[in-house]
1. Give the residue list of chymotrypsin sites (Phe, Trp or Tyr not before Pro) in segment 27-79 that are DSSP loop and have at most 12 other beta-carbon atoms within 10 angstrom.
2. Among the trypsin sites (Lys or Arg not before Pro) within segment 45-122, which fall in a DSSP loop and have no more than 11 other Cβ atoms within 10 Å of their own Cβ?
3. What does the extension gain come out to for Glu181 and Asn11, with contour length at 0.36 nm per residue minus their alpha carbon separation?
4. Distance check, please: which entries in Lys138/Lys172; Lys9/Lys231; Lys9/Lys154; Lys23/Lys231; Lys132/Lys154 exceed 26 angstrom between their Cα atoms?
5. Simple spin-label model, 7 Å along Cα-to-Cβ: Lys23 to Glu73 in nm?
6. How much of the accessible area of segment 115-188, in percent, comes from carbon and sulfur atoms when a 1.4 Å probe is used?
7. Loop-only check: which GluC sites (Glu not before Pro) in segment 133-237 are DSSP coil with at most 16 other Cβ within 10 angstrom?
8. Per the Kirkwood treatment, what hydrodynamic radius in Å, one decimal, follows for the chain from the mean inverse distance over all distinct Cα pairs?
Amino acid sequence: MSIIAANFKANLTRAQVLDYAKKLDSILHSMHADLPQIDIFPSNSALLDDKFTHFHIGAQNAYFAPNGSFTGEIGLLQLQEFGINRLIIGHSERRTLFGESDEFIAQKFRFYAEAGFEIFYCIGEDLGTRQKGEQHLKDFLSAQLKGINTTYPKLIVAYEPIWAIGTGVSAKIEQIESTMETLTQLTDAPLIYGGSVNEVNAREILSLKFVSGVLVGSASLELQSFVEIIKAGINEA
Ligand code: 13P
């Protein structure tokens, strides 16, 4: 089954997310189709109870503690209050803008794996790394997966090349294909792609042999675009 996930980042207010979620549930209901796995990741102030019929709510980030003196963070207890048990870890924006190291990210992984969460673990290179060639790229991605249990049954690896995020230009199909194939040598986890996925390119990306889903940023903010991407996922289900 395909995985179609929406990362809203710091976009949409709580009221907007609630409206979006209600409309999405009702649209999906009327489709009468075998739906893919659908997950929505709103900002922390817009987290909703994970009780929609056709999709799940997850968090974009959380600290590796039940609660405590971690200003600006939220912990396991705050997520559990919403019934949330899925989490994005290691997004490149957290790595680059907020200085999260591989080890810091791995600590989050260990804590939330222990708590039984489904973990969307993000990896991906910058342009300079890619330009250094195939072997360098493989070593880089392999290092990003070090320190986590790549056989964790609820692990989903999201490959998001930094140079394709928010640019409107996704990686080329051959690049996605070959990098995903490389990743199959590093983990058995389902592999999903992120980086300028939209309603036009989703179908082709989802049809690739080693791609089990997509993690969508900008194009998920528009409900109708996200629905079109879900439809592409239905055909691949
Ligand atoms: P865009 O779809 O806006 O490129 O963002 C991708 C992403 O970072 C999803 O986590």
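1. Working: sites: Phe52, Phe55, Tyr63, Phe64, Phe70; in loops: Phe52, Phe55, Tyr63, Phe64, Phe70.
Answer by residue number: Phe70.
2. Hits after loop and neighbour filter: Lys51.
3. Here the segment from Glu181 to Asn11 would lengthen by 58.0 nm.
4. Working: Lys138/Lys172 17 Å; Lys9/Lys231 22 Å; Lys9/Lys154 22 Å; Lys23/Lys231 16 Å; Lys132/Lys154 32 Å.
Pairs exceeding 26 Å: Lys132/Lys154.
5. Calculated label separation equals 3.6 nm.
6. In segment 115-188, the share of accessible area belonging to carbon and sulfur is 51 percent.
7. Filter output for segment 133-237: Glu222.
8. On the way: mean 1/r = 0.0561 Å⁻¹.
Taking the inverse mean of 1/r over all distinct Cα pairs, the chain comes out at 17.8 Å.
The values are calculated or read from the model by the stated rules, or taken from the named source; none is laboratory data. Given the structure is predicted, the values throughout are model-derived calculations rather than measurements. All Cβ positions, glycine included, derive from the backbone under ideal geometry; neighbour counts span all protein chains shown. Heads up: the accessible areas ignore ligands, DNA and RNA and are worked out on the full protein's heavy atoms, side chains in. Shrake-Rupley method; radii C 1.70, N 1.55, O 1.52, S 1.80 Å.
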